[in-house]
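**Q** Dropping a structure here in structure tokens format, bear with me for questions.
Values quoted throughout were computed directly from the atomic coordinates according to the rules given, and no laboratory measurement underlies them. Since the structure is predicted, the reported quantities are computational estimates derived from the model, not experimental observations. Please note: Cβ atoms are built from the backbone with ideal geometry, for glycine as well, and neighbour counts cover all protein chains shown.
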Amino acid sequence: MRVLVVYCHPSRTSFTHEVQERFCEGLRAAGHEIVMSDLYDMDFRTDMPEEEFLRETYYRGDLPVPDDVRAEQDKIESCDGIAFIYPVFWTEAPAKLVGWFDRVWTAGYAYADCTMRILDKALFIACAGKTLQSLEETGNKAAMETVMLGDRINQRAREKRMVFLDGISHYDEELIAQMKPKHLETAYELGRTF
Ligand SMILES: Cc1cc2nc3c(=O)[nH]c(=O)nc-3n(C[C@H](O)[C@H](O)[C@H](O)COP(=O)(O)O)c2cc1C
């Protein structure tokens, strides 16, 4: 399978970066082909300019889709699956990834006369400081699943899944040491079995 990995973290010394590396090792071990969008490395523009806002809100299909957005859409069209890897920021993805959806999910492509290919699989790997128990008790896990799986992917993939790699709070290095090996193994297996 050809897999687009949309990776979003500002630091290469992060746990999330290690997760991305292990996930890609798993993909390669299974013979999958990787197409990468490293949003910080690309310095992908994620604040929406007025022209794009007008295009989206008033369905001004006459206005052009910018080249950087078209390039991301072309990557999607060339792939069978998509994986997003990012840290949870305030019960959401980092603004850079939210902005990627704002700009790449354009009218005439991802909605309103949708022409986007239906992907075989969409996977979210969200690295969280809080524990899974805490994310469940507060309803935050369900909220993130609703937004990512229910809204942003919706019918755009046949199979969709969200995995939380939890307990990675740098307040508590002991907890991280305990959780990290298990999570990195999970990341590898998610790639290998994608
Ligand atoms: C601005 C900011 C907001 C955060 N908000 C949350 C949050 O709402 N829930 C959570 O579980 N962790 C939160 N975290 C912790 C990150 O998810 C943490 O970066 C993640 O566990 C992965 O560690 P890493 O950054 O080393 O990859 C936040 C971190 C930052 C910097």
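**Q** In terms of the Cα gyration tensor, with a ≥ b ≥ c the square roots of its eigenvalues, is the stretch 1-65 rounded because a/c is under 1.5, prolate because a/b exceeds b/c, or oblate?
**A** Oblate is the answer for the stretch 1-65, as a/c is 1.5 or above yet b/c matches or exceeds a/b.
**Q** Continuing with the same structure: Between the alpha-carbon centers of the stretch 123-194 and the stretch 1-46, tell me the distance in whole angstrom.
**A** 15
**Q** To continue, here is another question. Taking Lys121 as the anchor, which lysines have their alpha carbon closer than 22 Å to its alpha carbon, excluding any fewer than eight residues away along the same chain?
**A** Hits, sequence-local ones excluded: Lys75, Lys141, Lys160.
**Q** Then there is this: Can you pull out the chymotrypsin sites (Phe, Trp or Tyr not before Pro) in the stretch 83-135 whose DSSP state is coil and whose Cβ has at most 15 other Cβ atoms within 10 Å?
**A** Passing sites in the stretch 83-135 are Trp90.
**Q** How big is the C-alpha Rg of the chain next to the rule-of-thumb value 2.2 N^0.38 Å, as a ratio?
**A** Ratio of Rg to 2.2 N^0.38 Å for the chain: 1.03.
**Q** Given an 8 Å cut-off on Cα distances and at least 6 residues of separation, report the relative contact order of the chain as a percent.
**A** 29
**Q** Pop out the ³J(HN,Hα) list for the stretch 130-146 in order, Karplus 6.51 cos²θ - 1.76 cosθ + 1.60 with θ = phi - 60°, rounded to Hz; leave Gly and Pro as x.
**A** With the stated coefficients, the stretch 130-146 comes to 7, 7, 4, 4, 5, 5, 6, 4, 7, x, 5, 4, 4, 5, 5, 5, 4 Hz.
**Q** List the residues whose amide H sits under 5 Å from the amide H of Leu119, counting only those 5 or more places along or on another chain, with H placed 1.01 Å from N in the peptide plane.
**A** Here Ala157, Arg158 satisfy the definition.
**Q** Output the antiparallel fraction of DSSP beta bridges having both residues in the stretch 2-192, as a percent to the nearest 5.
**A** Expressed as a percentage, antiparallel bridges in the stretch 2-192 total about 5.
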